[in-house]
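The values are calculated or read from the model by the stated rules, or taken from the named source; none is laboratory data. Given the structure is predicted, the values throughout are model-derived calculations rather than measurements. Don't worry about glycine lacking a Cβ; one is built from the backbone with ideal geometry, like all the others, and counts go over all protein chains shown. Calculation scope for accessible area: heavy atoms of the full protein, side chains included, ligands and nucleic acids excluded. Shrake-Rupley method; radii C 1.70, N 1.55, O 1.52, S 1.80 Å.
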Amino acid sequence: MRVVVIGAGPAGLATAAELRRRGLQAIVLERGEVGAAWRGRYDSLHLHTIRGMSGLPGMPIPRSEGRWVARDSLVRYLERYAAANSLDVRTGTTVTRVDRLNGGWRVAAGDESVDAGAVVVATGYSNEPLLPDWPGRDSFAGELVHSADYRNAEPYRGRDVLVVGAGNSGAEIATGLADGGAQRVRLSVRTPPQIVRRERFGLPAHVVGLLAGLMPTRTADAIGLAMRRLSVPDLSAFGLSLPTVGPVTAFNASGSPPIVDVGIIDAVQDGRVEVVAAVESFRPDGIVLADGSVVTPDAVIAATGFRSALEPLVGHLGVLDARGLPLVLNARVDPRAPQLYFVGFRPYLGGLLWEAARGARSVARAITRAAARDSRAARPQTA
C-alpha cells in the first residue's frame, strides 16, 4: 500500500518513521522545509516540555540540547530524524486537495498528483496565522503584525508596543520585548489566563499535565488550583484576576494550554509589562479597549493564534467540524473517508510532541493492519 503523509513536522515525520519500521514506505509532502512551522517562530522559543519526554519514536533528543529544547535545536533534531529514518521527504511541495479515487486517494500537489491507498494529514494547528478582523483595523497608522512575523525585540527597541493575546506566545513575546529594550509594553487580555510555573519543587509542568490527563477532571482541577495558589502570586491587582475554573476544565473548553511562566509573572509584577483590557477596535491614532480606554502604541503584535486551514484540502469530504478541525483523530477514521487519518491535531496538556508520537504509532498500526488485509484479499484463491 502506498501511503502519503502531508506535512513534515513532528507528527508527519513520526508517522512516516513508524510506517517504515513496519515495512511500509511513505511519501512525505511538505510545502516548506522539514519543521517549517518551528522555523518560522520567534528566536527565543523553547519547548515547554522536557527534552526526555519530547523525542519522536525511536530517536531521543540528545542530552546536549538541554532540559528545555530551543527552536533551532528542535529543527536540527527533526532534520536528523528524517535522515536517520531514511524518510522520503519532498519539500517545496504544496498539497492543494485530497480526493477519493477508485477506493483509494488522489493527492493533488500543483500540476502533479500522487495516488495512495492511505493518506495521513499532519499539517497541524499552526498552518495559517489568524488575525482578527477588528473594526477599523486597516485605518491604523502604526505597525500591525501577527506573532508569526515576530522574531525578536530588536526592531522594537525604544518603541511603545501592544501585544494582543494572553497565550504562551503573547506572554513570551511581551516579556522578550520588555527585556529587549522596548520603551513600553502592554499585554491585552480578554480572558484571564491559567498560569503555571515551568517547574516547581523539581516537577515540570509538562509532567503535571501528563498526570492530569490520567485523573478525573474534578481531581485534576483541584490539584491545579492548589498548585497555582502555592506557586503563583495573586496578580489581580495587575489586571490578571484569578481563574474561576480549574486548568483542566479551562483547557477542555478552549483547547488552549495554560501559560507556562518563563518570566511573565515577574515582568507583570515589576511593571515592565502592563496588562490592559481586550482590543475592541482600531482607529488611525490608537486602539480602543473593552474598558473604553484608548492606547496609542507605535506597534501592535497580534499573538492571536493560528488556524488549521484544512478546508481547501479536505473540507469537501465532510470530515471537518464547524471550527474546521477533524471530526476524528489518530487511528479513528470517518466511514465516509476510509484510510484518511489526521495526526497532530489533538490538544493535550502533556504536550503536542508527546501526543504526536502517540498518534503516529496508532495510525501506523492501523495502516499496517489495513495493508495486511488488502494483501490477503489480493491473494489468488486456491481450490
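Suppose we keep only residues that are free of Cβ contacts under 8 Å to residues at least 60 places away in the same chain and over 16 Å from Leu317 (Cβ atoms) within segment 103-112. Which one would you say is surrounded by the fewest Cβ atoms within 10 Å (Cβ to Cβ)? Selected residue: Asp111. Of all the residues that make up segment 187-215, how many are more than 20 Å from the chain's Cα centre (by Cα) and either without any contact (Cβ under 8 Å) to a residue 60 or more places away in the chain or surrounded by fewer than 17 Cβ atoms within 10 Å (Cβ to Cβ) (or both)? Residues meeting the conditions: 10.
For segment 68-98, how many residues meet the condition of being touching a residue at least 60 places away in the same chain (Cβ under 8 Å) and either under 27 Å from Ala309 (Cβ atoms) or open to solvent by 40 Å² or more (accessible area, probe 1.4 Å) (or both)? Explain how you work it out, then say what you get.
Kept after step one, since they are touching a residue at least 60 places away in the same chain (Cβ under 8 Å), are these residues of segment 68-98: 68, 78, 81-82, 85-98.
Filter once more, so that each one left must be either under 27 Å from Ala309 (Cβ atoms) or open to solvent by 40 Å² or more (accessible area, probe 1.4 Å) (or both): 78, 81-82, 86-98.
Matching residues across segment 68-98 total 16.
The residues on offer are Arg184, Arg157, and the sole one that is touching an Asp or Glu at 6+ places or on another chain (Cβ under 7 Å), surrounded by fewer than 24 Cβ atoms within 10 Å (Cβ to Cβ) and at negative phi is Arg184. Might you let me know whether segment 300-309 holds any residue that is surrounded by fewer than 18 Cβ atoms within 10 Å (Cβ to Cβ) and more than 22 Å from Gly176 (Cβ to Cβ)? Scanning segment 300-309, I find at least one residue that is surrounded by fewer than 18 Cβ atoms within 10 Å (Cβ to Cβ) and more than 22 Å from Gly176 (Cβ to Cβ), so the answer is yes. Taken over segment 10-24, the criterion of being touching a helix residue (DSSP H, G or I) at 6+ places or on another chain (Cβ under 7 Å) and either open to solvent by 20 Å² or more (accessible area, probe 1.4 Å) or more than 22 Å from Ala118 (Cα to Cα) (or both) is satisfied by Arg22, Leu24. When segment 283-299 is filtered for residues that are closer than 14 Å to Asp133 by Cα and either touching a His at 6+ places or on another chain (Cβ under 7 Å) or open to solvent by less than 10 Å² (accessible area, probe 1.4 Å) (or both), only Ile287 remains.
Checking Val276, Val232, Val295, Val319 one by one, the residue that is at pLDDT below 95 and among the β-branched types (Val, Ile, Thr) is Val232 and no other.
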